[in-house]
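Please read the structure below before turning to the comments.
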Amino acid sequence: MEIGNKGVSGDRIIDLANRWQKDVIEEAPDWVSISIGINDVWRQLDHPTMSQVYPDEFEQVYRKLLNEVKEKTKAHMIIMEPTIIEEDIFSKGNKLLQEYINITKRLSREFQAVHIPMHKEFIDYVECNPEVDLTNDGVHMNSLGRMLMAVTWLDVCV
């Protein structure tokens, strides 16, 4: 089995769309696991004057990408919820993420994709361990955050 990581730090769904043909479709994978959405929200907070990707556009672009997988490959799909923005479950970022999380749930059902409840697992962990950080800066995972992502993915997929 060969695993390819095509993730790019800082990408939003529109950046992923620009790479989709080369990084996914042309690779003809058996499985596609997608983790996107954090930066679509994070940019609303850290760069509010730049062009933003709001939920309607996020869903439209995401659906287009999934349709391309369905039509052009035989790949099974895994859709991950975005994780968290800050370890404060009531942060503005986590509130804004809710619409994006709902989109991942809806698209998972629509495309019969495996759904990974990443945000829920992160929120549950933060609620039980409020003194422990999962990120270095509110969005970039530290080693514990990366481990929680891996365990959550494996719990659903293996």
Cross-link reach from Lys6 to lysines, straight Cα distance under 21 Å and at least 8 residues apart if same chain, gives Lys22, Lys64, Lys70, Lys72, Lys74
For Lys105 paired with Trp31, estimate the spin-label separation in nm (one decimal), with each label point 7 Å from Cα along the Cα-to-Cβ line. 2.4 nm
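If packing is taken as the mean number of other Cβ atoms within 10 Å per residue, what is the order of 137-145, 150-158, highest first?
137-145, 150-158
Rounded to the nearest 500 deg cm²/dmol, what is the calculated helix-only ellipticity per residue at 222 nm for the chain, with -39500 (n - 2.57) per DSSP H run of length n ≥ 4?
Theoretical 222 nm ellipticity from helices: -17000 deg cm²/dmol.
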Please rank Ile123, Ile13, fewest neighbouring Cβ atoms within 10 Å first, as an exposure proxy. Ile123, Ile13
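Given the chain, what percent of its DSSP beta bridges are antiparallel, to the nearest 5? Mind dumping the intermediate values first?
On the way: 1 of 9 bridges.
Rounded to the nearest five, the antiparallel share is 10 percent.
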Compare the Cα positions of Val158, Leu97, Ile78 along the charge dipole of the chain (+1 at Cβ of Lys, Arg; -1 at Cβ of Asp, Glu; about the Cα centre) and return the one farthest towards the positive end. Ile78
Kirkwood hydrodynamic radius, region 13-157, all distinct C-alpha pairs: what's the number in Å? 15.7 Å
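Mind putting a number on the dipole of region 13-157 about its Cα centre? Charges go on the C-beta only, +1 for Lys and Arg and -1 for Asp and Glu, and I need it in Debye to the nearest 20.
On the way: 15 positive and 25 negative charges, 117 e Å.
For this selection, approximately 560 debye.
Can you figure out the FRET efficiency of Glu71 with Thr49, using R₀ = 22 Å and their beta-carbon distance, to the nearest 0.05? Write out the running numbers ahead of the final one.
Values: r = 37 Å, r/R0 = 1.67.
Efficiency, from the Cβ-Cβ distance: 0.05.
Read-outs throughout are calculated quantities, based only on the coordinates presented, and are distinct from any laboratory measurement. Note that the structure is predicted; figures quoted are calculated from it, not measured. Quick reminder, even Gly has a Cβ in these numbers, built from the backbone with ideal geometry, and neighbours come from all protein chains shown.
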